[in-house]
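What follows is calculated from the coordinates using simple rules that are stated; it is not laboratory data. All values derive from a computational prediction rather than experimental measurement. Here the Cβ positions follow ideal geometry from the backbone for every residue, glycine too, while neighbour counts run over all protein chains shown.
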Amino acid sequence: MVLNDLGSKLANALSSLSKHTVIDEEIMEDVLKEITKALLSADVNVQYVVQMKKNIVKAVDIDDLAGGINAKKMLEKAVFNELCNMLDGGDAKSEVKAKFVPKKGKPNVVMFVGLQGCGKTTTCTKYASYYARKGFKPALVCADTFRAGAFDQLKQNATKAKIPFYGSYTESDPAKIAAEGVQRFKEEKFDLIIVDTSGRHKQSEALFEEMRAVDEAVNPTMTIYTMDSSMGQMAKDQAEAFKSAVDVGAVIMTKTDGHSKGGGAIAAVAATKSPIIFVGTGEHLEDIEAFDTQPFVSRLLG
Ligand code: GDP
C-alpha cells in the first residue's frame with residue numbers, strides 16, 4: 001500500500017509498535033525514523049523535525065517501559081504533543097506565527113486566496129458571519145471577475161447572512177474592484193472588510209499575477225489561505241506556491257465534515273508558517289469552527 005497522506009504515514013508508523021511485545025531502543029529508533037521521514041516529506045522544517053525527535057526521545061524513557069502497550073502509549077503521547085505544539089505556533093520556539101484575530105474598531109482588511117472549488121467564497125461569508133456574531137461590522141468584496149457567477153454567488157450568500165457586499169458585473173479588473181470596495185467600506189467604518197479573490201482549477205501564473213495585483217491594491221491586514229481538507233500529496237506544493245506570491249498568514253481548512261483526516265494541513269502549515277485558524281464543517285453559513293488542535297491531531301494519528 002502506498003501511503004501518500006501524512007496522517008496515514010504517522011498512524012502507520014505508530015501502529016507498527018503493536019507488532020512487538022517488548023520495545024527496545026532499536027525498535028523505537030525505527031519508528032522515529034518513519035515518523036521523521038513522514039514529517040520531512042510533508043516539508044516540515046528539518047531543524048524542527050530534529051528538535052521534535054529529540055523531544056520525543058526525552059519524553060519516552062526506554063528503561064522505564066514495561067512492555068509494548070505502555071511503550072506505544074508513551075510514544076503516541078509524545079508524538080501527539082509535538083504535533084500539537086507545531087500546529088499551535090505563536091511561541092518563540094515555533095516558526096509558525098500566532099493566530100490572527102481582527103481588532104474591533106480598526107479597518108481590518110482580510111484577503112482570501114485559494115484554488116477554485118476549495119470553498120473560498122462560502123468560507124468568506126462564514127467568516128464574516130462568525131465575526132458579526134462577535135459584534136464586528138463585516139463587509140464582503142467580490143474581486144473575482146474570472147468565474148462567471150462568482151459575484152452572484154457572493155451576493156446570494158451575503159444577502160442570506162445580512163452582510164453588506166460590493167462587486168461589479170461590468171468591471172473586469174479585479175484589483176480595481178477590490179480597491180474601490182475596500183475604500184468604500186473603510187469610509188463607512190466597517191471594521192472587517194473581507195476580499196474574495198478568484199481561484200483557478202490549478203495554480204497558474206495568471207492567478208498569481210492577479211492575486212498580487214489585488215494584494216497591492218488593498219494592502220491586506222491578513223491573507224488567509226483556504227484549502228480543501230481532502231488535499232493530500234499536493235498540499236505542500238500548492239501552499240508553497242500561494243505563500244511565494246502573497247504574504248499568507250493564516251490557513252482555513254474546509255470540508256472537514258468529509259472523510260479525509262486532513263493530513264495535508266500539516267504540510268500547509270509548514271509551507272506557509274501559518275497556523276490553522278478555522279475549519280469548515282459543512283455547507284451552511286454557521287458551519288465554521290475555531291480550529292481545535294488536539295481533536296484534530298487525535299484524529300490524524302487515530
Ligand atoms: P470556491 O470556488 O473556492 O469559492 O468554492 P465555493 O465556496 O463555491 O465552494 C465549493 C463547494 O464546496 C460548494 O458546493 C460549497 O457548498 C462546498 N463547501 C464549502 N465549504 C464546505 C465545507 O466546509 N463542507 C462541505 N461539506 N462543503 C463545503
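Computed values, structure above
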item: Calculated FRET value between residue 201 and residue 16, using beta carbons and R₀ = 51 Å, to 0.05; result: 0.85
item: Reduced Cα scattering model of region 189-302, Debye log10 I(q)/I(0), q = 0.21, 0.23 Å⁻¹; result: -1.25, -1.41
item: Region 27-150 - Rg (one decimal) and Dmax (whole number), Cα, Å; result: 21.3, 64
item: Local electrostatic count, residue 171, Cβ distance below 13 Å [Lys/Arg +1, Asp/Glu -1]; result: -2
item: Förster radius 22 Å - calculated FRET efficiency between residue 216 and residue 153 (Cβ-Cβ, nearest 0.05); result: 0.30
item: Region 84-190: chymotrypsin sites (Phe, Trp or Tyr not before Pro) falling in loop per DSSP and having at most 11 other Cβ within 10 Å; result: 169
item: Set of aspartates and glutamates near residue 99 by C-alpha distance (under 16 Å), chain-local residues within fewer than 8 positions excluded; result: 88, 91, 247, 289, 292
item: FRET efficiency, residue 286 to residue 188 (Cβ-Cβ, R0 30 Å, nearest 0.05); result: 0.70
item: Fewest-first sequence of 194, 266 by Cβ atoms within 10 Å of each Cβ; result: 266, 194
item: Spin-label model distance (nm) - residue 273 vs residue 294, 7 Å beyond Cα toward Cβ; result: 2.9 nm
item: Qualifying lysines (Cα of each under 16 Å from Cα of residue 126; at least 8 residues distant if same chain); result: 134, 137, 155, 160, 162, 255
item: Cα gyration tensor category, rounded, prolate or oblate, for region 81-208 with a/c compared to 1.5; result: oblate
item: For residue 112, net neighbour charge (Lys/Arg +1, Asp/Glu -1) across residues whose Cβ lies under 13 Å away; result: -1
item: Contour minus Cα-Cα distance for residue 257 and residue 104 (0.36 nm per residue); result: 52.0 nm
item: Value at 222 nm in deg cm²/dmol, rounded to 500, when DSSP H runs of n ≥ 4 in the chain each add -39,500 (n - 2.57); result: -15500 deg cm²/dmol
item: Prolate/oblate/rounded call for the chain, Cα gyration tensor, a/c under 1.5 rounded; result: prolate
item: Hits among aspartates and glutamates - C-alpha to C-alpha of residue 77 under 14 Å, sequence gap 8 or more where chains match; result: 61
item: Shape category assigned to region 257-302 from the gyration tensor of Cα positions, a/c cut at 1.5; result: oblate
item: Distance from region 208-250 to region 23-57 (C-alpha centre basis), Å; result: 29 Å
